[in-house]
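Everything on this sheet refers to the single structure shown next.
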Amino acid sequence: VESLHGAVWFVPLADLADAEHIPNALQESLQLPRSPHIAPMEQVLQALNRQPALLVLDNFEHLVEKGAGVVLSLLQQVPALNCLVTSRHSLDLSGEHEFPLRPLPTPQGDETPQQLIGFDSVNLFVDRAQMMNPDFQVTERNASMVAELCSRLEGIPLALELVAARAQVMSLRDILEGIGGRLDGCAKDKRLTTSRHPTLRAAIDWSFRLLPSDLQRFFLQLSVFRGGWTREAAAQVCDQPHALDYLAQLRRCSLLLV
């Protein structure tokens with residue numbers, strides 16, 4: 001990033017309804033003045049061609065179908081451009097490199113407070129809890145509860161953020177007792193989440209609704225399995241001869257871990 005000399009731009013796309021608005025979002029992020037004579041995309045191309053640059057395109061999954069072509073056009077017309085895309089669905093472009101984000105490492109339950117801070121899941125929970133309650137700390141008294149909470153939430157960042165939002169009005173013991181409904185746990189502070197992510201259920205539902213109907217049915221049928229399954233088992237139980245292709249599609253949508 002340092003070698004780009006500041007030519008790095010963050011482009012939030014979560015609220016875009018259609019890929020045709022991507023050029024306008026780029027124009028706004030690059031802080032380019034609107035012109036009645038030059039189309040937004042042409043302005044963006046002119047600006048990006050001045051030097052090596054990086055675009056961080058955030059929340060792209062709902063725009064992939066048409067938006068992937070926009071990214072490809074940018075890369076083809078701006079040779080010194082790199083794009084970092086955050087998306088639950090791969091763009092399937094030539095030269096694309098995927099960097100999966102796994103759940104954060106969680107403690108085993110016998111760590112000291114000092115050792116717990118070495119886990120990213122604990123660090124995230126503490127950081128977000130302190131946004132609600134500045135006095136929150138990991139101590140000898142609450143260390144085991146912090147460890148259990150992070151482990152039961154499986155190190156999922158969104159789950160940790162949603163639960164940490166309750167630290168202002170609930171004790172760790174109360175949070176643990178009510179964690180059974182973690183899919184519906186809601187962040188009251190909207191600064192912690194996007195409009196699509198007020199609960200884990202809403203986040204999963206967002207990805208589910210982006211699937212075509214046949215893939216939705218297949219995904220629902222997979223819910224009979226616990227602890228994983230094989231391709232052969234999925235094909236037989238779901239009575240689906242195209243199980244391999246469907247599993248691959250769900251993997252590209254970040255709804256399965258392989």
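When +1 charges are put on Lys and Arg Cβ atoms and -1 charges on Asp and Glu Cβ atoms, the dipole computed for region 23-69 relative to its Cα centre reaches about 220 debye.
For region 1-90, the percent of C-alpha pairs falling in each 5 Å distance bin, counted from 0 to the bin holding the largest distance, reads 3, 14, 26, 27, 19, 9, 2, 0.
Every pair of different Cα atoms in region 198-247 enters the Kirkwood calculation, which places the hydrodynamic radius at 11.7 Å. Rolling a 1.4 Å probe over the protein heavy atoms gives region 1-53 an accessible area of 64 Å² per residue. Computed log10 I(q)/I(0) for region 5-48 at 0.16, 0.33 Å⁻¹: -0.41, -1.26, from the Debye equation with unit scatterers placed on every C-alpha and solvent omitted.
Each residue of region 22-30 was assigned a 3J(HN,Hα) from its phi angle through the Karplus curve 6.51 cos²θ - 1.76 cosθ + 1.60 (θ = phi - 60°); the sequence is 4, x, 5, 5, 5, 4, 5, 5, 7 Hz, with glycine and proline shown as x.
Longest stretch of the chain clear of exposed loop sites (GluC sites (Glu not before Pro), DSSP loop, at most 11 other Cβ atoms within 10 Å, sites excluded): 141-258.
For the set Phe60, Phe10, the ranking by accessible area, highest first and with no ligand, DNA or RNA atoms included, is Phe10, Phe60 under a 1.4 Å probe. With all projection directions averaged, the alpha carbon convex hull of the chain covers 17.3 nm². Surface composition of the chain: carbon and sulfur atoms hold 51% of the protein heavy-atom accessible area at a 1.4 Å probe. Couplings 3J(HN,Hα) of region 75-81, computed from phi: 5, 6, 8, 10, x, 8, 9 Hz, in residue order, whole Hz [Karplus 6.51 cos²θ - 1.76 cosθ + 1.60, θ = phi - 60°; x for Gly and Pro].
Out of every Cα-Cα pair in region 137-183, what percent are more than 18 Å apart? Summing the P(r) of region 137-183 above 18 Å gives 18 percent of all pairs.
Whole-Hz Karplus values for region 13-19 come out as 10, 4, 8, 6, 8, 8, 5 Hz, taken residue by residue from phi with 6.51 cos²θ - 1.76 cosθ + 1.60 and θ = phi - 60°; glycine and proline positions read x. Scanning residues 5 or more positions from Val85 or on other chains, those with amide H under 5 Å from its amide H are Leu57, with H placed 1.01 Å from N in the peptide plane.
Each part reduced to its alpha carbon centroid, region 1-53 and region 77-122 end up 25 Å apart. Here the chain is treated with +1 on each Lys and Arg Cβ and -1 on each Asp and Glu Cβ, and its dipole about the Cα centre works out to around 300 debye.
Heavy-atom accessible surface of region 125-171, averaged per residue, reaches 48 Å², computed with a 1.4 Å probe.
The values are calculated or read from the model by the stated rules, or taken from the named source; none is laboratory data. If you're wondering where the values come from, they're calculated on a predicted model, not measured in any experiment. With ideal geometry, Cβ positions are generated from the backbone for all residues, glycine too; neighbour counts draw on all protein chains shown. Please note that ligands, DNA and RNA were not included when accessible areas were found on the heavy atoms of the full protein model with its side chains. Shrake-Rupley method; radii C 1.70, N 1.55, O 1.52, S 1.80 Å.
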